[in-house]
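In what follows, a structure is listed as structure tokens, so that the remarks can point back to it.
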Amino acid sequence: MPKLKITETSLRDGHQSLIATRLTTDEILPILNEMDNAGFYSMEVWGGATFDTSLRFLNEDPWERLRKIRANVKNTKLQMLSRGQNLLGYKNYPDDIVEKFLKNAIYEGIDIVRIFDALNDFRNLRKSIEVIKEEGAHCQCAISYTTSPVHTREYYLNLIKDFENAGADSICIKDMSGILLPYEAYDLVKAIKEVTKLPLEFHTHCTSGVAQMTMLKAIEAGVDIIDTAISPLSSGTSQPATESLALSLVGTEWDPKLDFNKLNNTADYFKEVMKKYQENGTYNVKVLMTEPKTLQYQVPGGMLSNMIYQMKTLNASDKFEEVLAEVPRVREDLGFPPLVTPMSQMVGAQAVFNVISGTRYKIIPTEIKNYVKGLYGKSASPISEEIKKLIIGDEEVITVRPADLLSDGFEQIKSEIGDLAQSEQDVLSYALFPPVAKEFFERRKSMSVDMAI
């Protein structure tokens with residue numbers, strides 16, 4: 001049996017989960033040589049919320065970050081996370097934007113692109129799969145794991161067959177809420193291994209308190225790759241600790257054979273880095289607390305913290321338990337969508353509005369209306385006519401792939417941003433986050449003028 005492979009997530013999901021994606025490029029670069037030589041299969045360094053946060057809060061160009069990381073990582077594959085037709089944003093983008101974005105990411109050094117769809121609607125992944133394969137990168141298709149009466153083992157196995165037939169190079173079980181239980185994981189991995197020879201990766205979060213146990217059972221069942229984070233950026237709402245998992249497997253057939261000196265050096269480095277985030281309050285002890293209610297409500301850590309903030313802003317913190325209990329009801333009403341971005345934010349917001357307004361669906365966000373119209377894709381279970389009527393009245397529900405309704409947009413966006421964009425990558429940044437990217441470009445231009453003076 002080949003050794004277990006490790007994907008190290010601290011440079012993307014680790015700090016996204018614990019410190020709101022606030023690691024700067026300057027904090028990342030000094031430790032890359034140690035990480036690059038530790039023996040990881042891959043390092044997840046880009047995608048998810050890293051792009052938005054770089055522009056919005058760090059005054060950094062995310063494309064430049066990727067270039068700098070690639071220049072310093074010679075031995076390890078670089079990995080990113082993309083939301084299929086949503087890319088790194090919160091809506092569907094036209095096919096030409098998806099194509100240009102992925103081509104640029106791969107050109108700048110991404111080796112593995114993990115793609116998923118928030119609804120597990122395979123149609124929303126087709127374009128991404130096509131482009132990734134054409135560009136010669138590794139295409140990893142992820143199932144957004146959730147539980148419901150319709151999310152059966154057969155449901156997932158059928159989805160995996162679709163991935164394989166479309167050309168996926170590997171499969172990932174993406175357990176964003178940390179709700180996959182140990183023995184269920186064992187059975188699911190065994191079942192997947194019976195229907196595909198593709199490498200299988202397992203991604204989870206420690207939020208509910210079962211991640212390490214679940215990961216071990218997945219390993220015993222034959223999973224090929226696991227996602228872990230270096231200890232200072234692990235646990236809580238993040239992934240299990242890299243060193244702990246690796247040490248647990250030393251001497252077994254699954255031993256990943258990592259360099260523990262380099263792991264320890266990496267951990268020591270990030271312990272110092274994290275002190276800053278503890279002192280400024282970004283690293284909040286709440287994200288480290290185990291929350292078994294996650295297993296009941298399926299609310300991922302990031303969604304939980306957003307809801308706490310929303311309730312506090314609305315002076316309704318006393319109703320937090322009511323909102324938690326409302327989440328699964330809303331989810332059932334909406335056809336059991338997995339609680340992953342952007343659906344987790346949408347379902348959470350609707351649950352909050354249902355509770356604070358005192359009447360269910362009295363206040364309905366535009367995003368929920370668009371979802372019910374089919375503009376995000378197909379729900380796993382049909383939405384009842386009663387709920388449709390309540391949310392969109394007599395408006396039509398589309399059944400085609402949502403992106404089929406979108407015209408190519410790159411040239412229009414390029415014209416709109418004008419001279420502020422200095423490259424195709426700038427145009428793509430603006431396409432995903434228009435106001436945020438524009439502000440960044442204006443700051444950059446202003447700084448260039450100041451330096452010239």
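For this structure, a couple of remarks:
- Among the residues making up segment 33-54, those that are farther than 24 Å from residue 440 by Cβ and either among the polar types (S, T, N, Q) or outside any loop (DSSP other than H, G, I, E, B) (or both) are 33, 34, 35, 36, 37, 42, 43.
- Pairs where the first residue, in segment 341-360, is within 22 Å of residue 294 (Cβ to Cβ) and touching a residue at least 12 places away in the same chain (Cβ under 8 Å) and the second is open to solvent by less than 10 Å² (accessible area, probe 1.4 Å) and among the aromatic types (Phe, Trp, Tyr), C-beta under 8 Å, 6+ apart: 343/371; 346/371
- Qualifying residue in segment 193-213 (condition: closer than 18 Å to residue 79 by Cα, surrounded by fewer than 20 Cβ atoms within 10 Å (Cβ to Cβ), at pLDDT 95 or above and aliphatic (A, V, I, L, M)): yes
- Test: residue 172 is closer than 25 Å to residue 127 by Cα, surrounded by 24 or more Cβ atoms within 10 Å (Cβ to Cβ) and either out of contact with any Ser or Thr (no Cβ under 8 Å at 6 or more places or on another chain) or not basic (Lys, Arg) (or both): yes
- Extreme residue, surrounded by the fewest Cβ atoms within 10 Å (Cβ to Cβ), among residues of segment 55-83 that are part of a loop (DSSP other than H, G, I, E, B) and among the basic types (Lys, Arg): 74
- Identity of the residue in segment 110-157, surrounded by 19 or more Cβ atoms within 10 Å (Cβ to Cβ) and among the small types (Gly, Ala, Ser), that ends up nearest to residue 334 (Cα to Cα): 118
- Scoring residue 96 on the criteria (1) open to solvent by 20 Å² or more (accessible area, probe 1.4 Å); (2) within 18 Å of the chain's Cα centre (by Cα); (3) over 16 Å from residue 172 (Cβ atoms) leaves a single failure, condition (2).
- Enumeration of residues in segment 378-403 that are over 22 Å from residue 85 (Cβ atoms) and open to solvent by 20 Å² or more (accessible area, probe 1.4 Å): 384, 385, 386, 388, 389, 390, 393, 394
- When the helices (runs of 4 or more DSSP H) confined to segment 358-438 are screened for residues that are under 30 Å from residue 64 (Cα atoms), those reaching at least 2 such residues are found at 410-417, 424-432.
- Filter pass, residue 444 being open to solvent by less than 70 Å² (accessible area, probe 1.4 Å), more than 23 Å from the chain's Cα centre (by Cα) and either among the basic types (Lys, Arg) or modelled with pLDDT under 95 (or both): yes
- Note on segment 309-349: among residues that are of a type in the set (Val, Ile, Thr) and within 24 Å of residue 83 (Cβ to Cβ), the one that is modelled with the highest pLDDT is 330.
- Verdict on residue 4 being in contact with a Pro (Cβ under 9 Å, 6 or more places away or on another chain), over 26 Å from residue 438 (Cβ atoms) and open to solvent by less than 10 Å² (accessible area, probe 1.4 Å): yes
- Residue match in segment 258-266 (condition: open to solvent by 60 Å² or more (accessible area, probe 1.4 Å), touching a Pro at 6+ places or on another chain (Cβ under 8 Å) and not small (Gly, Ala, Ser)): no
- A single entry from 249, 314 fulfils the requirement of being out of contact with any His (no Cβ under 7 Å at 6 or more places or on another chain), surrounded by 15 or more Cβ atoms within 10 Å (Cβ to Cβ) and among the aliphatic types (A, V, I, L, M): 249.
- Qualifying residue in segment 276-292 (condition: in contact with a Phe, Trp or Tyr (Cβ under 7 Å, 6 or more places away or on another chain), open to solvent by 10 Å² or more (accessible area, probe 1.4 Å), of a type outside the set (A, V, I, L, M) and in a loop (DSSP other than H, G, I, E, B)): yes
- Enumeration of residues in segment 385-432 that are among the polar types (S, T, N, Q) and either under 19 Å from residue 367 (Cβ atoms) or within 29 Å of the chain's Cα centre (by Cα) (or both): 399, 407, 412, 422, 423, 425, 429
Table: residues versus (1) over 14 Å from residue 14 (Cα atoms); (2) over 20 Å from the mean Cα position of the chain (by Cα); (3) free of Cβ contacts under 8 Å to residues at least 40 places away in the same chain.
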| site | (1), (2), (3) |
| --- | --- |
| 228 | no, no, no |
| 239 | no, no, no |
| 269 | yes, yes, no |
| 273 | no, yes, no |
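The values are calculated or read from the model by the stated rules, or taken from the named source; none is laboratory data. Quick caveat: nothing in here was measured; it's all calculated off a predicted structure. Glycine gets a Cβ as well: all are built from the backbone with ideal geometry, and neighbour counts include every protein chain shown. SASA here: full protein model, heavy atoms, side chains in, ligands and nucleic acids out. Shrake-Rupley method; radii C 1.70, N 1.55, O 1.52, S 1.80 Å.
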